[in-house]
Ligand code: PEP
Ligand code: MN
């Protein structure tokens, strides 16, 4: 898969007042006082570069608070005038875009539910066509990187060059500690497809609770993401939406102080030499792993032919159980994570079965 985007660097459209880039504000604008007071406290921390607020809220069930609507844009304007913070809102229809642009909103973002729907994304793209406005695209609710790329491409095709992606985690059937599974590998894959695309992490929607936000924020920074979007409310206990995951501006500021900013590269020669030496070792080991994999597949080929010629099934469950038990015991003795080695073995076994199925069906069975 390819992702060719024509984009401007983040520094051309966000003035980062303090590293790392922090976008913050309430999940929803609720009242003028709540929004403006939160904005003032956030500005006072000196750590926030952009003020966010949900004006139209995509809710799973009808009857929940669906956002304060257009009037909130005027409150946001006041918050911006009084604090100097540029503003960002979620848009989901062409009408939202039109109203947000008319109210002088500085940055638009496309929410996770919208990114999952190409019709919605295209409607938004058509509405911003010809306008010089930055757009941030949240990952879709389902773990499908093509939808994420597609939304970025649709915006780019509409002439939007001030683009960023927001990683907010993915919905999963399995219940875990997170509201939305981070599935970091998808964010990393996006970054690999388009290294110049700014990637911002949204720990609030990944975590769904306050307690894990620092942990996820640190991990995002360690993966060299360009910034964080974190929900903040003057009094989270009475927030109308996402109450459990919002932080007071003060708690947000304290949390940010606990984060460690590491650099992607070091200019120190000794460090670079040592890293190069270790990478050479890794390269050598990776070559050996691939070599051994090829050797293993050659033997799999022989076994496949042998089974075929003797009319024996490809899968023998007892043999697979034996492999798993022995390898797990070995892996555990070597202090490897069994979840990791288990997945690796499943992958290798799956490939072996695929290969043997090919062999089995290449020639008719030899009758014995
Ligand atoms: C939000 O940012 O408040 C929001 C609704 O997020 P998401 O689209 O990630 O669910
Ligand atoms: Mn929210």
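From 130, 150, which residue is more than 13 Å from ligand 1 (Cβ to nearest atom) and in a loop (DSSP other than H, G, I, E, B)?
None of the other options fit; the residue is 130.
Do we find that residue 230 is surrounded by 10 or more Cβ atoms within 10 Å (Cβ to Cβ), in contact with a strand residue (DSSP E or B) (Cβ under 7 Å, 6 or more places away or on another chain) and not in a loop (DSSP other than H, G, I, E, B) in this structure?
So residue 230 fits the description; yes.
Identify all residues within region 184-198 that are crowded, with 18+ Cβ neighbours inside 10 Å and in a helix (DSSP H, G or I); write none if there are none.
Across region 184-198, the qualifying residues are 186, 187, 190, 191.
Residue-wise test of (1) in a helix (DSSP H, G or I); (2) surrounded by 10 or more Cβ atoms within 10 Å (Cβ to Cβ); (3) within 16 Å of ligand 2 (Cβ to nearest atom); (4) not assigned by TED's automatic domain parsing to the domain that holds residue 79.
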| position | (1), (2), (3), (4) |
| --- | --- |
| 209 | no, yes, yes, no |
| 218 | yes, yes, no, no |
| 221 | yes, yes, no, no |
| 225 | no, yes, no, no |
| 251 | yes, yes, no, no |
| 274 | yes, yes, no, yes |
| 279 | yes, yes, no, yes |
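At positive phi and more than 16 Å from ligand 1 (Cβ to nearest atom) - does that describe any residue in region 220-234?
Scanning region 220-234 turns up at least one residue that is at positive phi and more than 16 Å from ligand 1 (Cβ to nearest atom).
If I ask for residues that are within 16 Å of ligand 1 (Cβ to nearest atom) and either outside any loop (DSSP other than H, G, I, E, B) or without any contact (Cβ under 8 Å) to a residue 12 or more places away in the chain (or both), which ones from region 156-176 would you list?
Of everything in region 156-176, those that are within 16 Å of ligand 1 (Cβ to nearest atom) and either outside any loop (DSSP other than H, G, I, E, B) or without any contact (Cβ under 8 Å) to a residue 12 or more places away in the chain (or both) turn out to be 164, 165, 166, 167, 170.
Within region 40-67, count every residue that is away from ligand 1 (no atom under 16 Å from the Cβ) and at pLDDT 95 or above.
8
Can you tell me which of 125, 112 is assigned by TED's automatic domain parsing to the domain that holds residue 75 and either within 16 Å of the chain's Cα centre (by Cα) or within 16 Å of ligand 1 (Cβ to nearest atom) (or both)?
112
Could you list, in sequence order, all residues of region 2-17 that are at pLDDT below 95 and within 17 Å of residue 51 (Cα to Cα)?
17
Among the residues of region 166-181 satisfying the criterion of being touching a strand residue (DSSP E or B) at 6+ places or on another chain (Cβ under 9 Å) and over 23 Å from residue 135 (Cβ atoms), which is modelled with the lowest pLDDT?
Going through the qualifying residues, I end up with 174.
Select, from 334, 315, 285, 278, the only residue that is at pLDDT 95 or above and either under 20 Å from residue 359 (Cβ atoms) or more than 31 Å from the chain's Cα centre (by Cα) (or both).
334
Taking the stated definitions as given, is residue 149 surrounded by 17 or more Cβ atoms within 10 Å (Cβ to Cβ) and more than 23 Å from residue 247 (Cβ to Cβ)?
Taking the combined requirement at face value, the residue satisfies it.
Confirm whether residue 45 is within 16 Å of ligand 2 (Cβ to nearest atom) and either at positive phi or surrounded by fewer than 20 Cβ atoms within 10 Å (Cβ to Cβ) (or both).
no
Any idea which of 41, 51 is in a helix (DSSP H, G or I) and either in contact with a helix residue (DSSP H, G or I) (Cβ under 6 Å, 6 or more places away or on another chain) or touching a residue at least 24 places away in the same chain (Cβ under 8 Å) (or both)? Quick ask: steps written out before the conclusion?
Values: 51 fails: in a helix (DSSP H, G or I).
Exactly one of 41, 51 is in a helix (DSSP H, G or I) and either in contact with a helix residue (DSSP H, G or I) (Cβ under 6 Å, 6 or more places away or on another chain) or touching a residue at least 24 places away in the same chain (Cβ under 8 Å) (or both), namely 41.
Taking region 9-38, which residues are part of a loop (DSSP other than H, G, I, E, B), away from ligand 1 (no atom under 16 Å from the Cβ) and closer than 24 Å to residue 186 by Cβ?
Let us first name the residues in region 9-38 that are part of a loop (DSSP other than H, G, I, E, B), namely 9, 13-20, 26-27, 29-31.
Still in the running and away from ligand 1 (no atom under 16 Å from the Cβ): 9, 13-20, 31.
Within region 9-38, 9, 14, 20 meet the criteria.
The values are calculated or read from the model by the stated rules, or taken from the named source; none is laboratory data. Predicted model only: the values in this text are computed from it and were never measured. Glycine gets a Cβ as well: all are built from the backbone with ideal geometry, and neighbour counts include every protein chain shown.
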